[in-house]
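All remarks here apply to the structure that follows.
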Amino acid sequence: HCNLTGWWKNDLGSKMQVFGVDSEGNFYGEYHTAVSSAKQPIQPSPLVGSQHLDEDGQCTFGFTVNWKKFSDSTAVFVGQCFNGDNGEEVLQTSWLLREKVDSPPNDWKATR
């Protein structure tokens, strides 16, 4: 099956490290983003997630990143692991980012 443990890098230069996946598919790690609109300097941020342990290796997974060290935002990622043409595992993901807003009327602009 897909082994999420280790370092991953995306097209924008962000990196994440998954420290390990337990027998239930739960994992944790750190996300090192290369892009941010926060005013504070970027710092590694904790992530926690879960994956399916499928026999065919093309598992789905999801994780949450809490940007608590430099922002009041939270992001969630969902994706699937694929076996690439050259034998490398490739993660295809989508994400949602929730920024903190001051009141319910501003809720419309809080999620990207």
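The values are calculated or read from the model by the stated rules, or taken from the named source; none is laboratory data. None of the values given here were measured: they were computed from a predicted structure. All Cβ positions, glycine included, derive from the backbone under ideal geometry; neighbour counts span all protein chains shown. Note: areas computed on protein heavy atoms with side chains; ligands, DNA, RNA excluded. Shrake-Rupley method; radii C 1.70, N 1.55, O 1.52, S 1.80 Å.
For this structure, a couple of remarks:
- Evaluation of Lys39 against (1) touching a residue at least 40 places away in the same chain (Cβ under 8 Å); (2) closer than 30 Å to Asp107 by Cβ (one fails), failing number: (1)
- Enumeration of residues in region 35-68 that are of a type in the set (A, V, I, L, M, F, W, C), open to solvent by 50 Å² or more (accessible area, probe 1.4 Å) and farther than 16 Å from Arg98 by Cα: Ile42, Val48, Leu53
- Residue satisfying all of: in region 5-17; over 11 Å from the mean Cα position of the chain (by Cα) and under 23 Å from Arg98 (Cβ atoms); surrounded by the most Cβ atoms within 10 Å (Cβ to Cβ) among these: Gly13
- Val101 vs. criteria modelled with pLDDT of 90 or more and open to solvent by less than 50 Å² (accessible area, probe 1.4 Å): yes
- Candidates are the residues of region 32-50 that are assigned to a loop (DSSP other than H, G, I, E, B) and polar (S, T, N, Q); the one that is farthest from Val76 (Cα to Cα) is Gln40.
- Count of residues meeting criterion [under 22 Å from Gly6 (Cβ atoms), more than 13 Å from the chain's Cα centre (by Cα) and not aliphatic (A, V, I, L, M)] in region 82-112: 8
- Looking across region 18-31, the residues that are part of a strand (DSSP E or B) and open to solvent by 50 Å² or more (accessible area, probe 1.4 Å) come down to Phe19, Asn26, Tyr28, Glu30.
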